[in-house]
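Working notes, structure below.
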Amino acid sequence: MKTKDPYASLRIKEFNIFLLMRFFLVFAWSMQFIIIEWQVYSLTKDPWSLGLIGAFEFLPAFSMALFAGHIVDQKEKRNLLALCIALFSLISFGLYFLTNTSFIADWSQNTVLYSIYGLVFFGGFLRSFFGPTIFSLMALIVPKKLYPNAATWSSSTWQISGVLGPAFAGYSISFFGVSKSLSFVFILVLISLLLVFLIKKKPILNPNKGEKIWKSLGEGINYVFKTKAILGAITLDMISVLFGGAIALLPVFAQDILKVGAEGFGALRAAPAIGAFLTMLLTAYIPVSKNAGIKLLVAIFGFGICIITFGLSTSFIVSLVALFFSGVTDGVSMVIRQTILQLKTPDHMRGRVASVNSMFVGSSNELGALESGFTAKIMGTVTAVIFGGTMTLITVVVTGIWNPILRKLDLTKDLEEHEKSV
C-alpha cells in the first residue's frame, strides 16, 4: 500500500503563496481583534461592551453571507480577494487613527467607542466575503485528490497565525501601546495584499453565470439542507461555538479574575490556537476520515468539558491548560468539518456553500461573543462560561442521539472516489 505524502499540497508553488498570504491576513485580523477587545474593555470596564463587538461584526456578516456567496460564485476569485484585502486595510488604518491620541485628543470617549464599533461593522461586511472567497480560491489552486491534505495545511496556517497574532498582540500592547500595535497590523495587511497578486487569476467554473440571485441563493441553501453530513457538522459546530464562547470574555478573566495583565491575556488567547495547530499538524500524518462522525462528536464534547474547566479555574496555569485542550478538540473538529465541505461541495457551488457555513459557524463566533457578554452581564462572568460549556455538552448528546447520519459518517470512501477520479 502506497504511503500518503503529508506534504503533497505543499509541493505546489501557488499553494505556498496562498498559505503565506493567509498567514499574514489572519495574523493581522486576529491581532487587530484582540487589540480592539482590550481597548474597548479598558475604556468601558463592562463585559457587555465585548458582546457588542461581536454583535456589530455578526449582523453584517450574517445578513450578507448568502449574497456574498452568490457573488463569489459569479466572479473571478483572485481579484475579488484582492479587493476585500484592500478594503480591510482601510479598516486597519481607521482603527490606528482612532487609537492615536494625537489625532483624537478632543474626541469624547463615546465618540471613539462608537467609531470603533462602526469600523467593526464594516469589517463584518467584509468578513462575509473573505470565507467563501478563500475557500473557493484554494479549491482552484490544488487538485481534488489533495483537498484533505490542503485543508489540513490551510487550517494549520490559520491556527498558527491565530497563535502568534493574539500572543503578539498581548505583548505588543504592553510594550508599544495600542496605537503602534495597530500600525503594525496595517503593514501586515498590505503585505498580504501584495502576496495575493502573485497568484494567477482563476477561471470561473459556475455554468450558470448571470443566474438570477434568488434562484442562485435557493440552490445553495437547498444543497446544504439536503446534504445531511454538511448540515449536521455545520449545525453541531455552530451551537458549540455559540455557547462555548469563553474566548470573548478573556479580557475580563485576564484583568479582573486571574489578574495577569496584557502578557497573560496574550498567553490565554494563544493557548487554544496552539492546541489546535499542533493537532492539525498531527492530522497531516494521522487522517481523521475514518469514523469521522464519531470523532467529531467526541471532539466537541471534549471542547465543552474544557470550557467548563476554564470557567471554574482560579489558577492561571490550569486556565492555560484548559484552553490548550479546548484548542486540541477544536482542531479535530475543524479538520473534519473542512474535509467534509471540500469533498462534498461541487465546484460551481463552493461560494454559496461556504457562505452558508459562514452564517452558521463563522458568524457564531461573533454571536457567541454577544451571548457571552449578555450572560456575563446577567449571571456573572464565571457562571456564564460554565453555562456555555454545559450547553455544548447537552448539544453533543442530543445531536448524537437524533442524527444517526452524522454519527455514522465515514469519509474514507469519499477520499477513494476523489483519488480514482483524477
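By how many degrees, 0 to 90 and rounded to 10, does the Cα axis of helix 412-421 deviate from the longest principal axis of the chain?
The angle comes out at about 60 degrees.
Averaging over all projection directions, find the projected area of the Cα convex hull of the stretch 1-44 and quote it in nm² with one decimal place.
The Cα convex hull of the stretch 1-44, projected and averaged over all directions, gives 4.5 nm².
Got a sec? Charge dipole of the stretch 44-166, +1 on Cβ for Lys and Arg, -1 for Asp and Glu; which of 98, 86, 50 is way out at the positive end?
The Cα lying farthest towards the positive end belongs to 86.
Scale the Cα Rg of the stretch 131-207 by the rule-of-thumb value 2.2 N^0.38 Å and send over the ratio, two decimals.
Working it through for the stretch 131-207, the quotient is 1.42.
Does the stretch 122-161 classify as rounded, prolate or oblate by the C-alpha gyration tensor (a ≥ b ≥ c root eigenvalues; a/c under 1.5 gives rounded; else a/b over b/c gives prolate, otherwise oblate)?
Working: a/c = 4.12, a/b = 1.61, b/c = 2.57.
Since a/c reaches 1.5 but b/c is at least a/b, the shape of the stretch 122-161 is classed as oblate.
Report, in cubic angstrom per residue, the convex hull volume of the C-alpha atoms of the chain.
Working: hull volume 55.4 nm³, N = 422.
Output value, Cα hull per residue: 131 Å³.
Loop only by DSSP, 15 or fewer other Cβ within 10 Å of the Cβ. Give me the GluC sites (Glu not before Pro) in the stretch 1-106 that pass, ordered by residue number.
Hits after loop and neighbour filter: 76.
How much net charge surrounds residue 406 when only the other residues with a Cβ under 12 Å from the Cβ of residue 406 are counted, with Lys and Arg +1 and Asp and Glu -1? All intermediate terms of the calculation are to be shown ahead of the outcome.
Details: positive: 228, 295, 337, 407, 408; negative: 237, 410.
Value of the local net charge: +3.
Taking 8 Å as the Cα distance limit and 6 or more residues as the minimum spacing, I'd like the relative contact order of the chain as a percentage. Spell out each step's value before the answer.
Values: 705 pairs, mean separation 123.1, N = 422.
Once divided by the residue count of the chain, the mean separation gives 29 percent.
Volume per residue, Å³, of the convex hull around the alpha-carbon atoms of the stretch 58-128?
On the way: hull volume 4.8 nm³, N = 71.
Dividing the Cα hull volume of the stretch 58-128 by its residues yields 68 Å³.
What translational diffusion coefficient, to the nearest whole µm²/s, does the stretch 104-252 have by Stokes-Einstein, given a Kirkwood radius computed over alpha-carbon pairs, a temperature of 4 °C and 1.567 mPa s viscosity?
Numbers: Rh = 19.6 Å.
Value of D from the Cα-based Kirkwood radius: 66 µm²/s.
For the stretch 217-313, compute the orientation-averaged projected area of the C-alpha convex hull (one quarter of its surface), in nm².
Numbers: hull surface 33.0 nm².
Result: a mean projected hull area of 8.3 nm².
Rounded to whole Å and sorted largest first, what semi-axes of the equivalent ellipsoid does the C-alpha gyration tensor of the stretch 70-185 yield via the square root of 5 times each eigenvalue?
Values: eigenvalues 219, 71, 19 Å².
One finds semi-axes of 33, 19, 10 Å for the stretch 70-185.
Once you treat every alpha carbon in the stretch 257-337 as an equal point and sum by Debye, what is log10 I(q)/I(0) at q = 0.19, 0.24 Å⁻¹?
-0.77, -1.04
Hey, got the Cα dimensions of the stretch 4-133 along the principal axes, in Å, largest first?
57, 29, 27
So, by mean Cβ neighbours within 10 angstrom, what's the order for 395-403, 19-27 with the highest one leading?
Working: 395-403: 16.6, 19-27: 22.3.
Highest-to-lowest ranking by the protection proxy: 19-27, 395-403.
Mind checking the stretch 28-136 for chymotrypsin sites (Phe, Trp or Tyr not before Pro) that DSSP puts in a loop (not H, G, I, E or B) and that have at most 13 other Cβ atoms within 10 Å?
Values: sites: 29, 33, 38, 41, 48, 56, 58, 62, 67, 88, 93, 96, 97, 103, 107, 114, 117, 121, 122, 125, 129, 130, 135; in loops: 103, 107.
In loop regions of the stretch 28-136 (DSSP not H, G, I, E or B), the sparsely surrounded chymotrypsin sites (Phe, Trp or Tyr not before Pro) are 103, 107.
Throughout, read-outs are computed from the coordinates displayed, never taken from laboratory work. Predicted model, so just to flag it, every value in this text is computed and none were measured. Quick reminder, even Gly has a Cβ in these numbers, built from the backbone with ideal geometry, and neighbours come from all protein chains shown.
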